[in-house]
Amino acid sequence: MRLSSVVIAAWLLALGQGVEASVIQLYVSPDGNDSWTGRRAAPSSSGGDGPFATLEAARDAVRALRRTRRWPQGGVTIWLRGGVHARTRSLVLTEEESGEPDAPVVYRAARGEDVRVSGGRDVRGWDEVRDPAVRERLDPVARPHVRVADLRAQGIADFGTLQRRGFARGGSAALELWFGDEPMPLAQWPNGSWAAIVAAPDGQNGGRFAYAGDRPRRWRDASDVWVHGYWTYDWADTYEKVASIDAERRIVTTEPPHGAYGYTPGKRFRFLNILQELDTPGEWWLDRTTGLLYFWPPSPVERMRAVVSVASEPLIALRGARWVRFQGITFECSRAEAVQVQGGEQVEIAGCTVRNMGSSGISIQGGRRHRVVSCDLY
């Protein structure tokens with residue numbers, strides 16, 4: 001975005017009045033407006049000025065201040081007001097938006113306010129499942145409880161791609177679901193436990209394994225089935241796409257390269273992403289063709305926020321930035337990292353909460369004297 005000459009003039013006027021001896025304070029609020037100066041914590045009574053609406057506007061304000069060559073002695077503090085600051089793309093910070101050694105740029109939660117930088121979108125419009133074909137596929141115990149929401153009708157059309165993930169494999173996650181800030185499990189079997197590999201007919205690296213029982217016979221019309229397992233060692237788990245299930249011989253064949261360290265009899269795994277296994281409170285399944293999300297809420301769906309992840313880039317991406325700090329902010333519900341630091345110097349994440357991310361929480365690649373201090377990551 002490009003800041004107006006009026007906004008820039010207001011900052012230059014403040015600097016000319018001696019504000020450079022203290023901290024320049026800017027504000028960002030979900031109820032703000034990027035055409036305002038960002039110098040007020042709340043909208044004015046006339047509605048003509050107030051906080052910014054986006055982090056990009058605050059970033060561009062910092063860039064404009066840097067170009068004046070009159071950096072404030074106390075640096076710049078950008079106060080984030082309470083609420084959800086929704087992200088679909090990275091806030092990218094470079095050397096142009098950096099601070100100075102004793103005058104950093106600080107992005108900070110307003111005191112006493114719950115500030116969330118989120119890569120998710122709220123899901124609304126839940127309804128009973130009325131489609132007879134879908135109801136017939138659901139377990140009878142689940143039919144009265146499962147709700148459905150049309151994601152496409154709510155502007156959510158990018159669901160990401162389920163892919164091989166786990167031990168030594170990174171990348172962004174596909175769409176995930178949280179309810180009341182807790183992660184919800186993709187519809188799976190067994191529930192709360194594991195199945196065991198009975199045999200590896202073609203050897204450990206043959207790409208096939210045998211299971212016990214006849215549960216998969218229930219899964220007619222099932223496609224895009226996955227398995228998650230600790231296939232050989234209990235410190236190396238991966239998610240693998242199922243190529244085929246031979247229900248007569250009880251054999252699963254996966255797409256290559258077939259798990260971490262192959263398949264070993266006696267090791268644990270589970271099946272997932274199966275509508276017919278949406279049979280326990282909390283489980284969900286997404287029809288990627290129609291965009292319909294099916295969910296058995298563990299409590300009335302109207303009482304808590306249901307959120308799906310939509311952002312597939314780091315929420316904050318620092319590229320050579322220096323002397324920047326994030327403080328007291330909750331980063332949540334993204335398919336990628338919360339904060340990704342590449343190069344730069346003395347970036348600090350302090351007293352933040354990082355939760356419900358689809359990849360790493362905080363990634364630091366190169367640079368010097370970066371710090372993660374007193375954060376809760378889960």
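Restricting to segment 130-152, and then to whatever is in contact (Cβ under 8 Å) with a residue 40 or more places away in the chain and not in a loop (DSSP other than H, G, I, E, B), can you tell me which residue is surrounded by the fewest Cβ atoms within 10 Å (Cβ to Cβ)? So, considering only residues that are in contact (Cβ under 8 Å) with a residue 40 or more places away in the chain and not in a loop (DSSP other than H, G, I, E, B), the one surrounded by the fewest Cβ atoms within 10 Å (Cβ to Cβ) is 152. Residues in segment 86-95 that are open to solvent by less than 70 Å² (accessible area, probe 1.4 Å) and either of a type in the set (Lys, Arg) or in contact with a helix residue (DSSP H, G or I) (Cβ under 7 Å, 6 or more places away or on another chain) (or both): 87, 91, 93. In segment 7-23 there is no residue that is under 30 Å from residue 156 (Cβ atoms) and either modelled with pLDDT under 90 or not in a helix (DSSP H, G or I) (or both). Only one of the listed residues (133, 173, 168) is touching a strand residue (DSSP E or B) at 6+ places or on another chain (Cβ under 8 Å), closer than 30 Å to residue 269 by Cα and among the small types (Gly, Ala, Ser). That residue is 173.
Say whether the condition of being among the β-branched types (Val, Ile, Thr), farther than 30 Å from residue 351 by Cβ, crowded, with 18+ Cβ neighbours inside 10 Å and in contact with a Leu (Cβ under 9 Å, 6 or more places away or on another chain) is met by at least one residue in segment 96-110. No: zero hits. Taken together, the criteria place residue 36 among residues that are open to solvent by less than 60 Å² (accessible area, probe 1.4 Å), farther than 18 Å from residue 327 by Cα and modelled with pLDDT of 95 or more. Scanning segment 44-67 for residues that are open to solvent by 40 Å² or more (accessible area, probe 1.4 Å) and of a type in the set (Ser, Thr, Tyr) yields 45, 46, 54. Going by the structure shown, is residue 122 of a type in the set (Asp, Glu), open to solvent by less than 70 Å² (accessible area, probe 1.4 Å) and in contact (Cβ under 8 Å) with a residue 40 or more places away in the chain? It is true that residue 122 is of a type in the set (Asp, Glu), open to solvent by less than 70 Å² (accessible area, probe 1.4 Å) and in contact (Cβ under 8 Å) with a residue 40 or more places away in the chain. Taking the listed residues 207, 166, the one that is touching a Pro at 6+ places or on another chain (Cβ under 8 Å) and surrounded by 15 or more Cβ atoms within 10 Å (Cβ to Cβ) is 207, with no other qualifying. Cβ separations smaller than 7 Å between residues 6+ apart or across chains give the following pairs from segment 158-172 residues that are more than 18 Å from residue 337 (Cβ to Cβ) to residues that are open to solvent by 70 Å² or more (accessible area, probe 1.4 Å) and hydroxyl-bearing (Ser, Thr, Tyr): 164/239. Filter segment 212-269 for residues that are polar (S, T, N, Q) and closer than 20 Å to residue 174 by Cβ; which is surrounded by the fewest Cβ atoms within 10 Å (Cβ to Cβ)? That would be 223.
Among the residues of segment 299-306, is any of a type outside the set (A, V, I, L, M, F, W, C) and either in contact with a helix residue (DSSP H, G or I) (Cβ under 6 Å, 6 or more places away or on another chain) or buried (at least 19 other Cβ atoms within 10 Å of the Cβ) (or both)?
no
The values are calculated or read from the model by the stated rules, or taken from the named source; none is laboratory data. Predicted model, so just to flag it, every value in this text is computed and none were measured. Don't worry about glycine lacking a Cβ; one is built from the backbone with ideal geometry, like all the others, and counts go over all protein chains shown. Ligands, DNA and RNA are stripped out before the accessible areas are found, and what is left, the full protein with its side chains, is counted by its heavy atoms. Shrake-Rupley method; radii C 1.70, N 1.55, O 1.52, S 1.80 Å.
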